[in-house]
Amino acid sequence: MVKRKANEKERMIRKGKRKIDQEEKTELILKIFGAGIHGKTLLNRSDGFSCYKVVVWTDPEDVHVTQVVQTNSHNNWVFNEALTIPLDSPARYLYIELHRALRRRDRRTTRLAVVRKDPGPSSGTVVMGRAKIKLPSPTSHRTIKSEVGLLVLNSDRCVVEDGTLEISMKLHRYVS
């Protein structure tokens, strides 16, 4: 008996008298339309010019990131970006984070530099909100549109929903 890897789906296709092994692959097409923070849990109106990005993964080793959106708006951001995420492992959830990086103009070089005012990872970003979303059923063929709640910690260190992320998801299967 041949052992098959858990993350591979193989199909035997009979073509004439010959058998051909072909691998079936699945990708998640994730479209991120926009994001918004409703309250003032993590917002400070004096921050000025800020940059935002969305970080997505099903496997922590394979992280996908949107383009950075630069804006003066502190409540709503438009991304309008599609990410293609290969689903090689039997993942059940999609993890999403909205990140903010504070920026200022460097007078000497006239380029944008990260300002490390807020505590955060070593990259100088602050996580504005997180979401954990159940992936569509493996047999699903339809596009799922949703407004996902972003969870944050408030000043009392309690988890609260303080924002939303507008997304759509669709599974794309093909034989390679």
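The values are calculated or read from the model by the stated rules, or taken from the named source; none is laboratory data. Every value quoted in this text rests on a predicted model; they were computed, and no experiment measured them. Every residue, glycine among them, receives a Cβ derived from its backbone with ideal geometry; neighbour counts consider all protein chains shown. Surface areas here come from the heavy atoms of the whole protein model, side chains and all, with no ligands, DNA or RNA. Shrake-Rupley method; radii C 1.70, N 1.55, O 1.52, S 1.80 Å.
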In the range 38-47, is there at least one residue being modelled with pLDDT of 60 or more, touching a strand residue (DSSP E or B) at 6+ places or on another chain (Cβ under 8 Å) and open to solvent by less than 40 Å² (accessible area, probe 1.4 Å)?
-> yes
Examine the range 97-111 for a residue that is modelled with pLDDT of 90 or more and closer than 20 Å to Val152 by Cα, and state whether such a residue exists.
-> yes
Among the residues of the range 117-150, which ones are closer than 27 Å to Ser89 by Cβ, among the β-branched types (Val, Ile, Thr), touching a strand residue (DSSP E or B) at 6+ places or on another chain (Cβ under 7 Å) and modelled with pLDDT under 90?
-> Thr125, Val127
Does the range 137-172 hold any residues that are in contact (Cβ under 8 Å) with a residue 60 or more places away in the chain and either in a loop (DSSP other than H, G, I, E, B) or touching a helix residue (DSSP H, G or I) at 6+ places or on another chain (Cβ under 8 Å) (or both), and which are they?
-> Pro138, Asn154, Ser155
